[in-house]
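**Q** The following block contains the structure, expressed as structure tokens.
The values are calculated or read from the model by the stated rules, or taken from the named source; none is laboratory data. It should be emphasised that the depicted structure is a prediction, and the values quoted were computed from it without experimental measurement. Cβ atoms come from the backbone with ideal geometry, glycine included; neighbour counts cover every protein chain shown.
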Amino acid sequence: MVYQIFPDRFNNGNPHGEIQGRKKDSFIYATKEDSPYYIKDGHGDIARWDFFGGNLEGIRQKIPYLKDLGVTAIYLNPIFQASSNHRYDTQDFIKIDPMLETEEDFKNLIKDLHKNRIALILEGTGHLLLQQDRPGYDPGRGKISNILPAREDWRAGK
């Protein structure tokens, strides 16, 4: 069974729920009971993204729960550096978004998933790579074929 996880909304694994890697012009909720609310500008565009603070450590801590559910694979929405909470506006396919913590946290998640025989599927945003006019677009770095060979260590669970 595959379980899809929207990392920001899943679980904060920090001891006191603190949030790392805070972003400029973002809104962080005080409690899990708060309802999502987007702050928009005069044109209707999102001016401040909202965050609940879920992170990779929070996912790692929930592996026993996922295993009890019978999960054999987790599917993560994008986890790479971006401005938004959903991260479909990925800016760098090599860097883990700082609000989700570090690459070391990602490696620990992979290691523990493998120990528990749970596969990991990462969602990519390849369709957005075609938007060459996007701010920060780098044709050499933005191609999936240029990224995957550099991340062999992730595929091997190292």
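**Q** When you check residue 89 against the structure, is it more than 26 Å from residue 15 (Cβ to Cβ), at pLDDT 75 or above and of a type in the set (Asp, Glu), yes or no? Lay out the reasoning, then the answer.
**A** Working: more than 26 Å from residue 15 (Cβ to Cβ): yes; at pLDDT 75 or above: yes; of a type in the set (Asp, Glu): yes.
Yes, satisfied.
**Q** Got a sec? Which of 39, 46, 19, 28 is β-branched (Val, Ile, Thr), within 27 Å of residue 104 (Cα to Cα) and free of Cβ contacts under 8 Å to residues at least 60 places away in the same chain?
**A** 28
**Q** Which residues, taken from the range 83-101, are in a loop (DSSP other than H, G, I, E, B), buried (at least 20 other Cβ atoms within 10 Å of the Cβ) and under 9 Å from the mean Cα position of the chain (by Cα)?
**A** Listed by number, the residues that qualify are 85, 87, 97.
**Q** Next question, about the same structure. Could you list all residues from the range 3-50 that are in a strand (DSSP E or B) and over 23 Å from residue 66 (Cα atoms)?
**A** 26, 27, 28, 39, 40, 46, 47, 48, 49, 50
**Q** Tally up the residues in the range 1-16 that are surrounded by 14 or more Cβ atoms within 10 Å (Cβ to Cβ) and either among the β-branched types (Val, Ile, Thr) or farther than 23 Å from residue 122 by Cβ (or both), please.
**A** 1
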